[in-house]
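The values are calculated or read from the model by the stated rules, or taken from the named source; none is laboratory data. Since we're looking at a predicted model, the values are computed, not measured. Here the Cβ is made from the backbone with ideal geometry for all residues, glycine too, and neighbour counts use every protein chain on show. Accessible surface is based on the protein model in full, side chains and every heavy atom, while ligands, DNA and RNA are left aside. Shrake-Rupley method; radii C 1.70, N 1.55, O 1.52, S 1.80 Å.
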Amino acid sequence: MNIPEEFLRQMQGLLGDEEFRSFEQAMEGAPSVAIRLNPAKPTELREALKGEPVEWCARSARLAERPAFTLMPELHAGAFYVQDPSSMVVAEVVARLCREINRPVAALDACAAPGGKTTAMLDALPQGSMVVANEFDPHRAGVLVENLTKWGTPNVMVTTGDTSRYSSLRSAFDIILIDAPCSGEGMMRKDETARSQWSPGLVKQCAALQSEIIDNLWSALRPGGYLIYSTCTFNLAEDEEQVARIIDTYGAENVDLQLSREWGIGHSLVDGIHALRFMPHLTQGEGLFLSVLRKPEAGEYTAPARPAKKKKQQRAPKAPEQLGAFLNEPETFAWVSPADGVWCAVPAAWQQLYERVSKECRVLKSGTELCTVKGKDLIPAHALALSTALSRDAFLTVELSEQDALNYLRREPLLIPDAPRGYLLATYKGLPLGFLKNLGNRTNNLYPAPWRIRMKS
């Protein structure tokens, strides 16, 4: 493995000779493989997905080897997420913070793609909470939408754009997660790009960007709220020095989570800083740094003002009466129409937050997309099929075999004998995969074309 010599010297200086030898040996080992289960979509796991749970995540499994996940319909149905064990700690951290808050919360995952930490956060928050997930890169934001749609939780928005868009949303969030863009030192064991692109210059560039993101978002955190700062790198400039800067600049309190005492997780390399350090010679997972900071109850930082975006006011369209039949507990949702003819359901309790975010940011996903109105027809959205809020009484169901499920996911034509005409909910092991439309003599496969799988059995 071609690990940069200058990086190794950096780590030797941080760890000391004896610990560095263990670290260097672990960097030559094989990456861990693990999955995290969706509590809202229980299913019987096949043998290839069974294993011992990750110590800090009960709904998980470490796998002996990496199976062909793409050929598992359960993955596309959102029953599990393939995630590095270290990253799973976000769920435990969020759960502990929410026990302190003790009410539904509004959370922001500011650098969210591909969505692993977002889904972990969604699972850990109290019932009735709301998550806004933002991603700067438009392509990665599309992947984020896909993964969150498959996970199915309805109380989530996805936005794309610079984090400066959030600076005017003062005190909007109880928890902000910044999984910051970084030099990727913790990914070197499994990612050739991380090894080839690393340089001291990249570390300096990333540290500057991280400071900018923190400054952009600080005013959006409510007084008394929690900032979770994480990277997948090891150096001090991107990790402890960023935490120290937040403490010095904003008077934040550094929270001691004490998780390292329970599971052997590494601790901060700087005295006086509370942080978790997942390192390959200490835990079975890739590199991760995480620290939690609490914003003071008084004395709020004010971000530089930016001109407000003016949007043309339009009369709100009238929602079709049938929308409520699509969902369980429809009274808990509000109907919004972010695009012509498209209707979505957002949690009614968080409609004001939805409106605030929509005024400042480009929104890609608004709660759960329900349908598109074309003339007198309501065409159900793929997101509705995967939503955990779906009323299973709203559509007739057709259960698919594994081979038919894979053909459906490839967007191939299916033959469904004796099926009734109209829209049908296609399921596998009881898990919704999406919609079909039976026209009598043929069946239209409505699986989203950009998401279709191309791998053959």
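Based on Cα contacts under 8 Å between residues 6+ apart, the stretch 115-182 shows a relative contact order of 34 percent.
With 22 Å as the limit, the listed pairs Lys318/Lys376; Lys190/Lys456; Lys50/Lys429 have Lys190/Lys456 beyond it between alpha carbons. Close amide H partners of Phe80, meaning residues 5 or more places away or on another chain with modelled amide H under 5 Å apart, are Asn38.
Each eigenvalue of the Cα gyration tensor of the stretch 113-171, multiplied by 5 and square-rooted, gives one semi-axis; in descending order these are 19, 16, 8 Å.
The Cα trace of the stretch 58-132 gives Rg and Dmax of 13.8, 41 Å, the first to one decimal, the second as a whole number.
Look at the dipole of the chain built from charges on Cβ: of Cys371, Ile246, Met1, the Cα furthest out on the positive end belongs to Cys371. Sorted on the mean count of surrounding Cβ atoms within 10 Å across their residues, most packed first, peptides 173-186, 369-382 read 173-186, 369-382. Taking the longest Cα principal axis of the chain as reference, the axis of helix 200-218 is set at about 60 degrees. Answer with one residue from Ser60, Met130, Leu288: the one whose Cα lies farthest towards the positive end of the charge dipole of the chain, charges on Cβ with Lys, Arg +1 and Asp, Glu -1. Most positive-ward Cα: Met130. On a per residue basis, the chain carries 45 Å² of accessible surface, using protein heavy atoms and a 1.4 Å probe.
Placing unit charges on the Cβ atoms only, positive for Lys and Arg and negative for Asp and Glu, gives the stretch 329-390 a dipole magnitude near 200 debye about its Cα centre.
About its Cα centre, the dipole of the chain is roughly 2160 debye, where the only charges are +1 on Lys and Arg Cβ and -1 on Asp and Glu Cβ.
In this entry, the stretch 338-404 is assigned a mean projected area of 6.5 nm², taken as a quarter of its C-alpha convex hull surface. Considering helices alone, the calculated mean residue ellipticity of the chain at 222 nm is -8000 deg cm²/dmol, with DSSP H runs of length four and up weighted by -39500 (n - 2.57) and normalised per residue.
Projecting the Cα atoms of Trp218, Thr118, Pro181 onto the charge dipole of the stretch 113-271 (Cβ charges, centred on the Cα centre) puts Thr118 farthest toward the positive pole.
Within the accessible surface of the chain, defined with a 1.4 Å probe on protein heavy atoms only, the carbon and sulfur portion equals 49 percent.
Both the radius of gyration and Dmax for the stretch 185-228 are 14.7, 41 Å, in that order, over alpha-carbon atoms. One quarter of the surface of the convex hull around the alpha-carbon atoms of the stretch 108-254 equals 9.0 nm², the direction-averaged projected area. Summed over all non-identical Cα pairs, the Kirkwood treatment of the stretch 321-457 gives a radius of 16.1 Å. The order of the peptides 69-82, 321-334 by mean Cβ neighbours within 10 Å, most packed first, is 69-82, 321-334. The residues packed around Leu446, meaning those with a beta-carbon under 12 Å from its beta-carbon, carry a net charge of +3 if Lys and Arg are +1 and Asp and Glu are -1.
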